[in-house]
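Where a number appears in this text, it was derived from the coordinates with a stated rule and is not lab data. Computed from a predicted model, the values in this text were never measured in an experiment. Neighbour counts are summed over all protein chains in view; Cβ atoms, including those assigned to glycine, are modelled from backbone coordinates with ideal geometry.
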Amino acid sequence: MTTSQWFLDGAARYERILWAVAVLAMVLDIALTAYGLRLGLTEMNPVAAGIIADYGVLGMTAMKFAGFAVAIVGWYVVPRDVAPFVPLALATPWLLAAGINVVMIASVL
């Protein structure tokens, strides 16, 4: 078994967990962003900032769910051997954003 095949098999084995991590990351990003905004922080992503300015946190939540829907469609479209990487690719920026949110919130508390 090659290293790449071993890696793909491992990702496939944990695919459900990766989807759960993606959901958790999305929820954390939404909740921490909303909390940070209430503390007076500002959204750094210009697209998200515009949506929040026009539609509030509900708009941001809809934007996140739209991103999740695109990922689900992508999961159906990509070859099965790389499909487990879809939730990983989805969760990674949201986890990063949640981490940044924690640091920013801690800086004002």
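If you go through region 11-37 one residue at a time, how many are part of a loop (DSSP other than H, G, I, E, B) and within 17 Å of GLY99 (Cβ to Cβ)?
Residues in region 11-37 being part of a loop (DSSP other than H, G, I, E, B) and within 17 Å of GLY99 (Cβ to Cβ): 0 in total.
Pairs please, first residue from region 32-48 and in contact (Cβ under 8 Å) with a residue 60 or more places away in the chain, second anywhere and assigned to a loop (DSSP other than H, G, I, E, B) and surrounded by 14 or more Cβ atoms within 10 Å (Cβ to Cβ), Cβ atoms under 9 Å, 6+ apart in sequence or on different chains.
THR33/LEU41; THR33/GLU43; TYR35/LEU41; GLY36/GLU43
Please find, within region 58-107, the residue that is surrounded by the most Cβ atoms within 10 Å (Cβ to Cβ) out of those that are of a type outside the set (A, V, I, L, M), under 22 Å from ARG38 (Cβ atoms) and under 9 Å from the mean Cα position of the chain (by Cα).
Kept after step one, since they are of a type outside the set (A, V, I, L, M), are these residues of region 58-107: 59, 61, 64-65, 67-68, 74-76, 79-81, 84-85, 87, 92-94, 99, 101, 107.
Next, only the ones that are under 22 Å from ARG38 (Cβ atoms) stay: 59, 61, 64-65, 94, 99, 101, 107.
Next, only the ones that are under 9 Å from the mean Cα position of the chain (by Cα) stay: 64, 94.
Details: LYS64: 19, TRP94: 22.
The selected residue is TRP94.
Among the numbered conditions (1) in contact (Cβ under 8 Å) with a residue 24 or more places away in the chain; (2) surrounded by fewer than 18 Cβ atoms within 10 Å (Cβ to Cβ); (3) within 18 Å of the chain's Cα centre (by Cα), tell me where VAL27 comes up short.
The number of the failed condition is (1).
Could you tell me whether region 38-46 includes any residue that is assigned to a helix (DSSP H, G or I) and of a type in the set (A, V, I, L, M)?
no
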